[in-house]
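Structure record follows, encoded as structure tokens.
The values are calculated or read from the model by the stated rules, or taken from the named source; none is laboratory data. If you're wondering where the values come from, they're calculated on a predicted model, not measured in any experiment. Cβ coordinates were reconstructed from backbone atoms using ideal geometry, including for glycine residues, and neighbour counts include every protein chain displayed. Just so you know, the surface numbers come from the protein's heavy atoms only, side chains and all, with ligands and any DNA or RNA stripped out. Shrake-Rupley method; radii C 1.70, N 1.55, O 1.52, S 1.80 Å.
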Amino acid sequence: MNDVAELVDGDWQWSGWLDPKGRVHALFALLRRDAECVWLVGTADADALGAALGRFVFRSKVKFEPAAMVARGRLANPHAAIGAHAASGPDGVELDLSGDAGARTLLLEAGHPVGSANPGKASEWWALDIAHGWPALPGVQLGAWTPQQLSLQRLSAFSVKKGCYPGQEIVARTHFLGRAKRGMALLSVDAPPGAMLTDAAGRDTAQVVTSAGGASLAVVPLEPSDLQL
């Protein structure tokens with residue numbers, strides 16, 4: 001759902017895959033390694049996502065393959081990567097995933113996972129995803145929402161100008177006609193994904209998309225405007 005042609009070697013963008021109704025099926029970072037190779041980096045099942053996308057390959061010489069990679073997070077500034085510019089080095093490829101809520105680095109290196117993540121640090125990492133407005137935490141189902149309802153324009157995660165893609169008509173119509181009635185908000189509540197939040201009168205006003213660290217991302221009406229991320 002983003003314009004891959006805008007990327008040059010070593011650059012990355014937030015992106016995703018939609019169904020024809022414009023609802024999000026998967027979100028990921030898309031990194032252009034060179035003219036012949038891009039990496040999709042996210043929390044979705046690689047085999048399932050590759051098989052699903054592969055059904056759209058007809059005569060193009062394109063293959064989707066799971067990569068034998070290990071992703072390691074570090075809650076600190078990158079050594080060399082900055083913003084949308086990745087950095088390759090002897091230890092792997094660095095992505096700068098920092099934001100207003102804090103610094104962090106994702107390191108991608110060849111190999112297979114050994115051992116398990118530190119639960120405390122993993123929880124802190126996912127909490128930063130929440131704080132930065134990125135809803136694609138492991139296991140979260142996003143298929144009920146459009147990119148605008150998830151406020152993904154904040155992260156420049158979709159394009160309304162590129163050529164056709166599944167759901168593009170819905171996304172472009174919402175953008176150009178200004179009909180997005182709901183967006184995503186960061187709320188200081190700890191509620192499970194899918195939970196409905198009510199106002200003082202007991203009316204459903206928001207639905208939780210994901211949560212971590214005592215905070216939640218929820219889809220809310222765009223009025224009052226101070227609820228919008």
(message) Keeping all protein chains in place and using 1.4 angstrom, which order do ILE170, ILE130, ILE82 fall into by accessible surface area, from largest down?
(response) ILE82, ILE170, ILE130
(request) Before anything else, pin down the relative contact order of the chain: Cα pairs under 8 Å, at least 6 apart, normalised by residue count, whole percent. (result) 19
(message) Considering only protein heavy atoms and a probe of 1.4 Å, how much of the accessible area of the chain is carbon and sulfur, as a whole percent?
(response) 53
(message) Solvent-accessible area of GLU109, probe 1.4 Å, all protein chains present, reported in Å² to the nearest ten, please.
(response) 40
(message) Solvent-accessible area of HIS85, probe 1.4 Å, all protein chains present, reported in Å² to the nearest ten, please.
(response) 100
(request) Go through the stretch 140-153 residue by residue and turn each phi into a ³J(HN,Hα) via Karplus (6.51, -1.76, 1.60, θ = phi - 60°); whole Hz please, and just put x for glycine and proline. (result) 6, 8, 10, x, 8, 10, 8, x, 5, 5, 8, 6, 6, 5
(request) Could you bin all the Cα-Cα distances of the stretch 69-162 into 10 Å bins starting at 0 and give me the percent of pairs in each, rounded to whole numbers? (result) 14, 40, 36, 9, 0
(request) For the chain, count the residues as N, evaluate 2.2 N^0.38 Å, and divide the Cα radius of gyration by that value, please. (result) 1.03
(request) Just the number, please: Stokes-Einstein D of the stretch 84-130 in µm²/s, Kirkwood Rh from C-alpha pairs, 4 °C, 1.567 mPa s. (result) 106
(request) Grab the other residues whose beta carbon is less than 10 angstrom from that of TRP145, score K and R as +1, D and E as -1, and report the net. (result) +2
(message) Before I look further, what does the chain give for accessible area per residue, probe 1.4 Å, in whole square angstrom?
(response) 57
(request) Within 10 Å, count the other beta carbons around each residue, average over each peptide in 214-220, 64-70, 99-105, and list them highest first. (result) 214-220, 99-105, 64-70
(request) Rounded to whole Hz and in sequence order, give me ³J(HN,Hα) for the stretch 23-32 from the Karplus expression 6.51 cos²θ - 1.76 cosθ + 1.60, θ = phi - 60°, writing x for Gly and Pro. (result) 9, 6, 9, 7, 10, 6, 8, 10, 10, 7
(request) Could you give log10 I(q)/I(0) at q = 0.13, 0.19, 0.21, 0.23 Å⁻¹ for the stretch 139-229, computed by the Debye formula over C-alpha point scatterers of equal weight, without solvent? (result) -0.46, -0.91, -1.05, -1.19
(request) Rounded, prolate or oblate: pick one for the stretch 29-113, where a ≥ b ≥ c are the square roots of the eigenvalues of its C-alpha gyration tensor, a/c under 1.5 means rounded, and failing that, prolate if a/b is larger than b/c, else oblate. (result) prolate
(request) Go through the stretch 78-92 residue by residue and turn each phi into a ³J(HN,Hα) via Karplus (6.51, -1.76, 1.60, θ = phi - 60°); whole Hz please, and just put x for glycine and proline. (result) x, 6, 9, 5, 8, x, 7, 9, 6, 9, 9, x, x, 8, x
